[in-house]
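A short worksheet on the structure shown next.
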Amino acid sequence: MSNFVDYVKIHCKSGHGGAGSAHLRREKYIPKGGPDGGDGGRGGHVIMKGNAHEWTLLPLRFTRHIKAERGHNGQKNQLTGAYGEDVYIEVPIGTIARNEEGEIIAEIMEDGQEIIIMHGGKGGMGNEHFKSSTNQTPRYAQPGLPGEEGYVTFELKLLADVGLVGFPNAGKSTLLAAVSAAKPKIADYAFTTLTPNLGIVDYRNYKSFVMADIPGIIEGAAEGKGLGHRFLRHIERNSILLFLIPADAEDYYQEFEILENELKKFNPELLDKDYIVSISKADMLDEELKGEISSKFPEKRKPIFFSAVTQEGLMELKDAIWKKLHG
Ligand SMILES: Nc1nc2c(ncn2[C@@H]2O[C@H](COP(=O)(O)OP(=O)(O)OP(=O)(O)O)[C@@H](O)[C@H]2O)c(=O)[nH]1
Ligand SMILES: [Mg+2]
């Protein structure tokens, strides 16, 4: 799978309501024609709709404006104006929409689900409604009401089974590339990965799970340092986390604690998830060093050593992930 567009901002506008009609009936043989102006139609809504066949927000990437149709005006003979046509924004399941204040206004949970994110303006009432004993021929009708308008941000959180957490250069993308068909960019500089990548990992006997490679997290990420903050939210929904500490780390346990701390600061619930600790690039270590590193971690956090380059430990890693996912 390719890169993930996870976030688009679109200016949305629902339709203005159609105006009511102020028409007065005038017919040859009816001397005093009364008001017969119909109501204006409602403006079109802007509707967000779940589509299980979409996996990314990519189709919306170049959409800047979305506008629903204006309601049609009321007409004579008490004809109500037609509704403005609604516009649908089709999104993958799990997409949320936020208003300009950043508040969540909608979340799509299932296929076909529709949520109106901007209501079309109400149509105005025709003059017929304003007829009274003192005014039999009102020449007044209501205008339609304006629709709503503003920027809406659509955001898709990755729905992955396991999320990779590590400093830049820890080898996250290399691992994803080694265990799935994904082809993330790999390089020996920090922040190679700028947007998350997803890959499907085949496991014994035609089973599989989804792994998400996200940009590296650095100290201070929760406060907005580096890219971390923007992407930490991608792991909110991953069911388990895999921490990667590279074999060339300066202080293995400290690096693990920094990562843990950033996640906790961002959202303490993240650490309620099950997680696995691993040491990547294990081809750089001999058995003695492995023993030494292992001894630095508490019993229930003993790391799994693996190398994406030599494939050492990959099966053990997958077994451990599967066990956490499916007990
Ligand atoms: N020796 C060795 N080198 C590795 C291994 N895995 C990754 N590397 C190297 O480590 C460097 C960083 O790898 P990436 O996979 O790009 O690291 P990342 O964690 O995705 O980095 P960011 O995207 O910047 O967060 C690259 O030069 C890789 O070739 C491994 O198993 N063994
Ligand atoms: Mg990467």
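Each reported figure results from applying straightforward, stated rules to the coordinates on display, with no laboratory input. From a predicted model like this one, the values you see are computed outputs, not experimental measurements. Here the Cβ positions follow ideal geometry from the backbone for every residue, glycine too, while neighbour counts run over all protein chains shown.
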Fewest to most Cβ atoms within 10 Å: W322, W55 sort as W55, W322
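Over 20 Å between Cα atoms: which of K302/K323; K265/K318; K207/K324 fall into that group?
On the way: K302/K323 16 Å; K265/K318 28 Å; K207/K324 14 Å.
Pairs exceeding the cut-off: K265/K318.
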Can you run phi through the Karplus equation (6.51, -1.76, 1.60; θ = phi - 60°) for the range 76-88 and list ³J(HN,Hα) in whole Hz, with x for Gly and Pro? 4, 6, 6, 7, 7, x, 6, 5, x, 6, 6, 10, 10
Please give every one of the lysines within straight-line cross-link reach of K9, meaning a C-alpha to C-alpha distance under 18 Å, and leave out same-chain neighbours fewer than 8 residues apart. K49, K67, K157
Place the peptides 57-64, 273-280 in order of packing, highest mean first, counting for every residue the other Cβ atoms within 10 Å and averaging per peptide. 273-280, 57-64
Counting only residues 5 or more apart in sequence or on a different chain, those whose built amide H sits under 5 Å from that of L79 are G38
Amide H neighbours of R25 under 5 Å, at least 5 residues apart or on other chains, H built in the peptide plane: list them. G34, D36
Let me know the shape class of the range 1-156, please: from the alpha-carbon gyration tensor, a ≥ b ≥ c as square roots of the eigenvalues, rounded when a/c is under 1.5, otherwise prolate if a/b is greater than b/c, or oblate. prolate
Over the range 162-326, what per residue volume does the convex hull of the Cα atoms give, in whole Å³? 106 Å³
What lysines does K28 reach when the alpha-carbon gap must be under 19 Å and sequence neighbours fewer than 8 apart in one chain are set aside? K76
Restricting to bridges with both residues inside the chain, how much of the DSSP beta-bridge set is antiparallel, in percent to the nearest 5? 55 percent
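For L285, what is the net charge nearby, where nearby means another residue's Cβ is under 14 Å from its Cβ and Lys, Arg count +1, Asp, Glu -1?
-4
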Quick query: amide H of T192 versus all other amide H atoms, modeled in the peptide plane; which residues come in under 5 Å with a sequence gap of 5 or more or a different chain? N169
Going toward the positive end of the dipole of the chain, with +1 on Lys and Arg Cβ and -1 on Asp and Glu Cβ, which of I89, I240, G43 do you reach last? G43
Binned at 5 Å from 0, what are the whole-percent values of the Cα-Cα distance distribution for the range 104-192, short to long? 3, 9, 10, 10, 8, 8, 9, 8, 7, 5, 4, 4, 4, 4, 4, 3, 1
In a shell of Cβ-Cβ distance under 14 Å around R61, excluding R61 itself, what net charge do Lys and Arg (+1) and Asp and Glu (-1) give? -2
How are the C-alpha pair distances of the chain spread across 20 Å bins, as whole percents from the shortest bin up? 27, 38, 19, 12, 4, 0
Which of the listed residues, V8, N261, S294, is farthest toward the dipole's positive end in the chain, when Lys, Arg count +1 and Asp, Glu count -1 at the beta-carbon? V8
Electrostatic dipole magnitude of the range 13-152 [Cβ: Lys, Arg +1; Asp, Glu -1; Cα centre; debye, to 20]: 1120 debye
What is the sum of charges around K32, taking Lys and Arg as +1, Asp and Glu as -1, for the other residues whose C-beta is under 13 Å from the C-beta of K32? +2
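Can you tell me the dipole magnitude for the chain around its Cα centre, using point charges on the Cβ only (Lys, Arg +1; Asp, Glu -1), in Debye to the nearest 20?
Using Cβ point charges on Lys, Arg, Asp and Glu, the chain gives about 2040 debye.
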